[in-house]
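**Q** Let me begin by handing over the structure; questions about it come next.
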């Protein structure tokens, strides 16, 4: 797909991977809408990247249909790429897990992601074209201590990605999972302040580059899953 002129929706675009990817996409000539919960942070990201902003809390499941319509309208009525980047983490140890831990994480990482995709895929099916990229994690491939809730959500995203590949390939819609390992972002930081880059961790730049590469592959092919590891994270 040629990124120049493409209509692209990026969820979780206020910070980190979403913000940097939006910047790269706009630089390549895409028409980009970013979403996020915090109006002030989102608008600052839009100003920094050149993207358009739609305030949207993906965990508010009742609002998804209307917000999807608003996002597509902001893109001019058409959508070529959906980047499902919005995600949160919670890391209680077994013995301290509550239903609230699961509800909080799954509403964003799984339920909201799936319900938004369900709306966005409708115009893609009508066009018989489109690309959906889900941001997973290396936690979607292997569990870890304190990872019961978060890793389970990312395993779910990996499974949904594979299901959608089976359903949508015949509709000429590509579905890819991108699994970053250790990335320096504001993820799981209460202040939501972006961290300085660290030499031994990935930065959002590498993940943005990966996402752009997935999109830019000729439409005849697609990458089902790609994992990006930090070379020496310790």
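The values are calculated or read from the model by the stated rules, or taken from the named source; none is laboratory data. The model shown is predicted, which means the values in this text are computed figures rather than measured ones. Neighbour counts run over all protein chains shown; Cβ positions are idealised from the backbone, glycine included.
**Q** Is at least one residue of the stretch 87-101 outside any helix (DSSP H, G or I) and within 18 Å of residue 35 (Cβ to Cβ)?
**A** Yes, the stretch 87-101 has at least one match.
**Q** Of all residues in the stretch 20-31, which are assigned to a loop (DSSP other than H, G, I, E, B) and either touching a helix residue (DSSP H, G or I) at 6+ places or on another chain (Cβ under 6 Å) or over 22 Å from residue 73 (Cβ atoms) (or both)?
**A** If the condition is that a residue be assigned to a loop (DSSP other than H, G, I, E, B) and either touching a helix residue (DSSP H, G or I) at 6+ places or on another chain (Cβ under 6 Å) or over 22 Å from residue 73 (Cβ atoms) (or both), then 28 is the only one that fits.
**Q** Oh, and also: Mind checking which residues of the stretch 219-234 are in contact (Cβ under 8 Å) with a residue 12 or more places away in the chain, within 18 Å of residue 129 (Cβ to Cβ) and out of contact with any strand residue (DSSP E or B) (no Cβ under 7 Å at 6 or more places or on another chain)?
**A** Within the stretch 219-234, just 219 meets the criteria.
**Q** Test residue 77 against the criterion of being surrounded by fewer than 21 Cβ atoms within 10 Å (Cβ to Cβ) and under 30 Å from residue 170 (Cβ atoms), and give yes or no.
**A** When the stated conditions are applied, residue 77 passes them.
**Q** So, one more: Among the numbered criteria (1) free of Cβ contacts under 8 Å to residues at least 60 places away in the same chain; (2) under 20 Å from residue 60 (Cβ atoms); (3) surrounded by fewer than 23 Cβ atoms within 10 Å (Cβ to Cβ), which single criterion is violated by residue 88?
**A** (1)
**Q** Only one of 58, 8, 17, 34 is buried (at least 24 other Cβ atoms within 10 Å of the Cβ) and either assigned to a loop (DSSP other than H, G, I, E, B) or more than 14 Å from the chain's Cα centre (by Cα) (or both). Can you tell me which?
**A** None of the other options fit; the residue is 58.
**Q** Conditions first: (1) more than 22 Å from residue 180 (Cβ to Cβ); (2) touching a strand residue (DSSP E or B) at 6+ places or on another chain (Cβ under 6 Å). Residue 32 passes all but one, so which condition is the exception?
**A** Every condition holds for residue 32 apart from (1).
**Q** Quick one: which of 49, 69 is surrounded by fewer than 22 Cβ atoms within 10 Å (Cβ to Cβ) and more than 25 Å from residue 139 (Cβ to Cβ)?
**A** 69
**Q** Among the residues of the stretch 126-143, is there at least one that is surrounded by 19 or more Cβ atoms within 10 Å (Cβ to Cβ), assigned to a loop (DSSP other than H, G, I, E, B) and modelled with pLDDT of 95 or more?
**A** yes
**Q** Sticking with this one: Exactly one of (1) out of contact with any helix residue (DSSP H, G or I) (no Cβ under 8 Å at 6 or more places or on another chain); (2) modelled with pLDDT under 95; (3) surrounded by 16 or more Cβ atoms within 10 Å (Cβ to Cβ) is unmet by residue 165. Its number?
**A** (2)
**Q** Quick one: which of 79, 64 is in contact (Cβ under 8 Å) with a residue 40 or more places away in the chain and assigned to a helix (DSSP H, G or I)?
**A** After ruling out the rest, the residue left standing is 64.
**Q** Would you mind stating whether residue 46 is within 25 Å of residue 203 (Cα to Cα), in a helix (DSSP H, G or I) and in contact with a helix residue (DSSP H, G or I) (Cβ under 9 Å, 6 or more places away or on another chain)?
**A** yes
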